[in-house]
Amino acid sequence: METRWMCVATVLVCQVAAGERLDRGLVALPREDGSAFLSWRLLADDGESTAFAVFRRAAGAERTLLTGRHYNPTCFVDTTAPEGGECVYELCVDPAGAGEPQPVAQSKVNLAEKPKPYLSIPLDGDYDYQKVGIGDLDGDGALEFVIRQPNFNTDPYQQPGYWKPSTTTYKIEAYRLDGTLMWRHDMGWSIEAGIWYAPWVVYDIDGDGKAEVYCKAGEGDPRDEKGLVQSGPEYLVKLDGETGRIVAKTDWLSRDGFRDYNYYCRNFLAVAHLDGKTPALIVQRGTYRLIKTQALDQNLNRLWYWDSTQEQARYAGQGSHGLIAADVDADGRDELVIGAAVLDDDGKGLWTLGMGHPDVCYVADIAPDNPGLEIFYGFETRQQTDGICVVDAATGHKLWALKEPTYHLHGQGMVGDVLAEHPGLEVYAGERDYPKRWLHSASGELVALSEEGSLTPRPVWWDDDPQKEVIIGRNISEWSGATLQRIEGSVIAVMDCLGDHREEIVTAVKGELRIYTTTISTHERRTCLLEDHQYRMGVAVQTAGYYYPAQLGMTSTVASQD
């Protein structure tokens with residue numbers, strides 16, 4: 001049980017992602033029983049007294065107040081909607097909770113159509129996609145969706161079944177929620193079509209209130225006779241969020257010092273607030289041996305440079321398959337968890353485990369009895385002991401570890417509060433080549449050991465209780481196995497991008513971006529998860545490297561009245 005959240009009507013209080021202004025994210029969907037479900041964001045600036053009102057306008061009918069003028073929850077079920085017609089819902093907000101609520105958003109529902117538990121953005125062609133990022137590209141408070149297509153990936157590892165020549169170039173495309181294609185950026189033949197060659201992030205680094213897109217770039221077609229890109233200039237480019245035009249560029253970290261193609265083709269981008277106030281862009285090259293990292297300001301000027309040869313302790317080869325920005329030492333500034341090692345906000349090594357490369361790596365408030373944040377690891381490198389462990393994020397001190405050999409823990413594992421009977425968050429990891437899957441409690445108690453199951457279950461807040469559900473295959477289920485809903489398409493991301501505090505599931509179907517959102521009513525009142533700083537940084541980095549679900553930072557609760 002995650003005790004930081006109360007079961008009835010709570011407000012999530014957390015560190016807020018600086019500079020991002022969100023609208024109410026109103027979403028309305030028809031349900032199978034003929035009712036309409038609406039939900040919207042509670043924002044970090046809202047107080048306990050902030051109240052809402054929902055009006056309905058149906059064809060040939062008067063504007064009707066549905067909720068009363070000082071409604072407290074952030075979702076509503078309209079059971080009185082007329083059958084078989086279109087309704088326009090209007091959300092009104094009263095910040096003080098004592099005056100007249102003012103209109104802030106509208107959404108339409110056509111109750112004559114077959115109910116669908118998702119919103120659909122048609123893509124500009126019959127293709128699917130591999131990654132999705134979000135950001136307010138035009139400054140109106142609404143989030144746009146940026147994808148990279150097609151869904152093709154080649155790995156730098158030079159063994160059969162891994163690397164293969166690219167058949168086309170990656171395109172980055174920006175869409176509004178109404179399906180408008182804003183722009184397309186062709187990354188070109190200098191960027192091979194694989195996640196390690198083509199990192200990108202969506203975020204407002206320059207502070208103008210509009211998100212930009214940053215990505216790796218090159219020039220021309222430098223592929224050799226095999227199809228490898230081993231030469232030619234490499235850049236970081238800044239794309240204007242509204243138009244997709246290249247507006248700035250700087251050199252990427254060089255290939256110098258890396259042993260071979262497999263090692264220098266591992267590239268990352270991330271965002272971190274290194275001074276606790278302003279976002280910086282993080283560029284990294286290398287995972288398994290040499291690692292180079294630099295931080296850039298809003299003008300793409302270098303703030304600092306670090307590489308693993310600068311440290312006396314073992315930092316080389318400690319990289320994971322993603323970067324995590326988190327304030328691990330509670331000094332108000334982000335550090336960088338590069339894997340089994342952490343860089344301080346000033347670009348110097350903070351600590352390293354020296355255990356090699358972890359496939360599983362999450363930073364969260366896992367253990368309620370340990371102050372601050374923790375990191376959960378599952379190591380790909382063979383370990384005689386401690387291959388699964390939870391460590392204190394500030395020091396790297398191991399709080400507990402699995403005391404048996406592990407061989408190749410694989411996939412992204414899982415961190416999430418999925419069981420109410422255990423305090424804190426549960427952690428999960430499994431072997432690639434052996435039938436072993438471990439589920440541990442936050443304190444290290446072995447909750448379950450199984451011989452089968454997904455290596456990458458996706459946790460999601462979906463129903464009306466504090467625990468997370470999980471996505472396994474095409475089912476949204478309780479950890480116990482009870483299925484709540486079926487989904488279609490490949491799961492691309494889980495994030496709170498619309499509606500109330502529950503998370504959406506973004507999937508790829510040919511020619512379509514789908515956003516599944518819950519239609520389960522709840523009286524819990526929580527701030528939009530994107531306004532938790534660490535969660536927002538986690539969402540930003542999901543377009544570079546493997547996909548790791550975003551985790552909340554340190555939080556507290558404030559009681560609210562229903």
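What to note about this one:
- Scanning region 270-302 for residues that are assigned to a loop (DSSP other than H, G, I, E, B) and closer than 20 Å to E234 by Cα turns up G286, T287, L290, I291, D297, Q298, N299, L300, N301.
- Of all residues in region 335-353, those that are more than 12 Å from A295 (Cβ to Cβ) and outside any loop (DSSP other than H, G, I, E, B) total 9.
- Candidates Y214, Y264 - the one that is touching a Leu at 6+ places or on another chain (Cβ under 9 Å), under 26 Å from E173 (Cβ atoms), crowded, with 21+ Cβ neighbours inside 10 Å and in contact (Cβ under 8 Å) with a residue 12 or more places away in the chain: Y214
- D331 vs. criteria within 22 Å of the chain's Cα centre (by Cα), over 23 Å from R437 (Cα atoms) and in a loop (DSSP other than H, G, I, E, B): no
- Considering each residue of region 74-81 in turn, at least one proves to be hydroxyl-bearing (S, T, Y), open to solvent by less than 20 Å² (accessible area, probe 1.4 Å) and in contact with a strand residue (DSSP E or B) (Cβ under 6 Å, 6 or more places away or on another chain).
- From V390, V363, V415, residue being modelled with pLDDT of 95 or more, open to solvent by less than 40 Å² (accessible area, probe 1.4 Å), more than 25 Å from R314 (Cβ to Cβ) and β-branched (V, I, T): V415
- Residue list for region 282-327, restricted to those being open to solvent by less than 50 Å² (accessible area, probe 1.4 Å) and hydroxyl-bearing (S, T, Y): T287, T293, S308, Y315, S320
- Of the criteria (1) under 24 Å from C528 (Cα atoms); (2) open to solvent by less than 60 Å² (accessible area, probe 1.4 Å); (3) out of contact with any Asp or Glu (no Cβ under 9 Å at 6 or more places or on another chain), which one S120 fails: (3)
- You will find that of Y127, Y162, Y157, the residue that is without any contact (Cβ under 8 Å) to a residue 12 or more places away in the chain, under 30 Å from Y197 (Cβ atoms), open to solvent by 20 Å² or more (accessible area, probe 1.4 Å) and hydroxyl-bearing (S, T, Y) is Y162 and no other.
- Only residues that are assigned to a loop (DSSP other than H, G, I, E, B), open to solvent by 20 Å² or more (accessible area, probe 1.4 Å) and either hydroxyl-bearing (S, T, Y) or under 18 Å from L498 (Cβ atoms) (or both) were counted across region 452-483, and they come to 4.
- Only residues that are in contact (Cβ under 8 Å) with a residue 40 or more places away in the chain and not in a loop (DSSP other than H, G, I, E, B) were counted across region 145-154, and they come to 4.
- The listed residue being under 17 Å from H533 (Cα atoms) and either out of contact with any Gly (no Cβ under 7 Å at 6 or more places or on another chain) or not charged (D, E, K, R) (or both), out of V342, V363: V363
- Complete set of residues in region 223-261 that are of a type in the set (D, E) and part of a strand (DSSP E or B): D251
The values are calculated or read from the model by the stated rules, or taken from the named source; none is laboratory data. If you're wondering where the values come from, they're calculated on a predicted model, not measured in any experiment. Note: ideal-geometry Cβ built from the backbone for every residue, glycine included; neighbour counts use all protein chains shown. Surface accessibility is based on the protein's heavy atoms, side chains included, excluding ligands, DNA and RNA. Shrake-Rupley method; radii C 1.70, N 1.55, O 1.52, S 1.80 Å.
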